[in-house]
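The values are calculated or read from the model by the stated rules, or taken from the named source; none is laboratory data. Given the structure is predicted, the values throughout are model-derived calculations rather than measurements. Please note: Cβ atoms are built from the backbone with ideal geometry, for glycine as well, and neighbour counts cover all protein chains shown.
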Amino acid sequence: MIKLNINHKEYELAENLRLLEACARVGIEIPTLCYDERLEPEGNCRLCLVEIEGEKELALACKTEAKEGMKILTHSLKVMEARQEVLTKLLMEHPQECLECLKSTTCKLKAYCEEYAVAEKAVRAIEKKYPIDESNPFYYIDPNKCILCNLCIRVCRELQVRGALEINEKGHIARKKISGEDGVQCESCGNCLDVCPTGAIGSRIFRDEFAAQFATAEERAKALEELKYVKTTCPYCGVGCQLELVVSEQKVVDVRPVNTLPNTGLLCVKGRFGYKFVNHPDRLKTPLIKKEGKFIEAGWDEAYDLIVKKAREIKSKYGSDAFGGLSSARCTNEENYLFQKLFRVAFGTNNIDHCARL
């Protein structure tokens, strides 16, 4: 343990922490646009500056290691002015279209500009210079909103182990061009857009099927503020990835990963974008029983009675090994346990298999 003085208060904290981590441990938030706890810090945004007693220059809290006896100021006048300068420079090169942006309620740049009183009217707005990249069916890239934090590139390269993004020759984020068999293939996992602190990368499905339904920017902004987030488990395989369903009026309109075990904030393309089946009109919600060649909706008791009747007839006529069970990796462990017990005990067969071979 080491002792630190943060904003004139003494704290005892574990050693080997960086200042950003140390401050977070005691409930002091330091702004940052490029930090991700899963990655080694690079200090690209230079927003996490803090003042250390005895040092002339401000230090990057994300990269500076906490040492015994340090005296740190996280929100001194000098620090606040430096952060305002950083934010002002970023905003000078950023489109002034917060009301139209789909990330207006989650944009960290917008939130920090408001917190540090960086008025949009005092900053020169620029016109769009680069076209929006729509080449991926699941996400778009708006390079005009890129602040060069490098989070999307690093998550793709270091966590997803693909490296499908780059800063191109024009100086903004872009997908790598695939050439030949050695080209890097994007997996469309969407992990890049979930770490983007601005609206530079976004979901095309969310934009085209949810946001596009509103006639005005004001209506869309209000709908974004009213979104609800419901934590749940991805049903696609047995990993159990944690995610949040983004819900609008009892309808799932998007998905976000949750930074906890087992997936630590990562999802695959199915978990991230394969949520439309939840609201699909053809999704079965009641049992169906075939009568006179057509499937008719039935009650649960009627369906159970039919299953028991048919199972008894088959077992009596053909024996237990006439049954076979195929279980799903999308079920929980408990549900699969009960399923195999049903076949082994009730039906008397070991003909059980599963579809978990991904």
Next on the checklist: Please go through region 315-358 and give me each residue that is within 28 Å of Cys234 (Cα to Cα), among the small types (Gly, Ala, Ser) and either touching a helix residue (DSSP H, G or I) at 6+ places or on another chain (Cβ under 8 Å) or modelled with pLDDT of 90 or more (or both), ordered by number.
Outcome noted: Gly324, Gly325, Ser327, Ser328
Next on the checklist: Being touching a helix residue (DSSP H, G or I) at 6+ places or on another chain (Cβ under 6 Å) and closer than 22 Å to Cys146 by Cβ is the filter here; which residues of region 206-217 pass it?
Outcome noted: Ala211
Next on the checklist: Can you find a residue that is surrounded by 10 or more Cβ atoms within 10 Å (Cβ to Cβ), outside the structural domain of Glu37 (by TED's automatic domain parsing) and part of a loop (DSSP other than H, G, I, E, B) anywhere in region 300-318?
Outcome noted: no
Next on the checklist: Consider region 230-247. How many of its residues are surrounded by 13 or more Cβ atoms within 10 Å (Cβ to Cβ) and either in contact with an Asp or Glu (Cβ under 7 Å, 6 or more places away or on another chain) or aliphatic (A, V, I, L, M) (or both)?
Outcome noted: 5
Next on the checklist: Can you list residue pairs whose Cβ atoms sit under 8 Å apart, with the first residue in region 138-152 being on the phi > 0 side of the Ramachandran plot and the second being in a strand (DSSP E or B) and surrounded by fewer than 22 Cβ atoms within 10 Å (Cβ to Cβ)? Count only pairs 6 or more apart in sequence or on different chains.
Outcome noted: Leu148/Ile167; Asn150/Ile167
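Residues that are closer than 19 Å to Phe273 by Cβ and charged (D, E, K, R): list the strands (runs of 3 or more DSSP E) wholly contained in region 155-261 that include at least 2 such residues.
On the way: elements: 165-167, 173-175, 201-203, 228-233, 242-248, 251-257.
Filter on region 155-261 gives 251-257.
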Next on the checklist: One residue is enough: does region 6-23 have a residue meeting the conditions over 30 Å from Arg157 (Cβ atoms), among the aliphatic types (A, V, I, L, M) and either surrounded by 13 or more Cβ atoms within 10 Å (Cβ to Cβ) or modelled with pLDDT under 95 (or both)?
Outcome noted: yes
Checklist entry - What residue, among those in region 66-105 that are surrounded by fewer than 17 Cβ atoms within 10 Å (Cβ to Cβ) and among the polar types (S, T, N, Q), is farthest from Tyr139 (Cα to Cα)? => result Ser76
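Which of the residues spanning region 76-105 are in contact with a strand residue (DSSP E or B) (Cβ under 9 Å, 6 or more places away or on another chain) and either closer than 21 Å to Ile132 by Cα or in a loop (DSSP other than H, G, I, E, B) (or both)? Spell out the reasoning first.
To start, the set of residues in region 76-105 that are in contact with a strand residue (DSSP E or B) (Cβ under 9 Å, 6 or more places away or on another chain) comprises 76, 78-79, 82-83, 86, 101-103.
Scanning region 76-105 gives Ser76, Cys101, Leu102, Lys103.
If I filter region 299-306 for residues that are in contact with a Phe, Trp or Tyr (Cβ under 6 Å, 6 or more places away or on another chain) and not aliphatic (A, V, I, L, M), do I get at least one hit?
No: zero hits.
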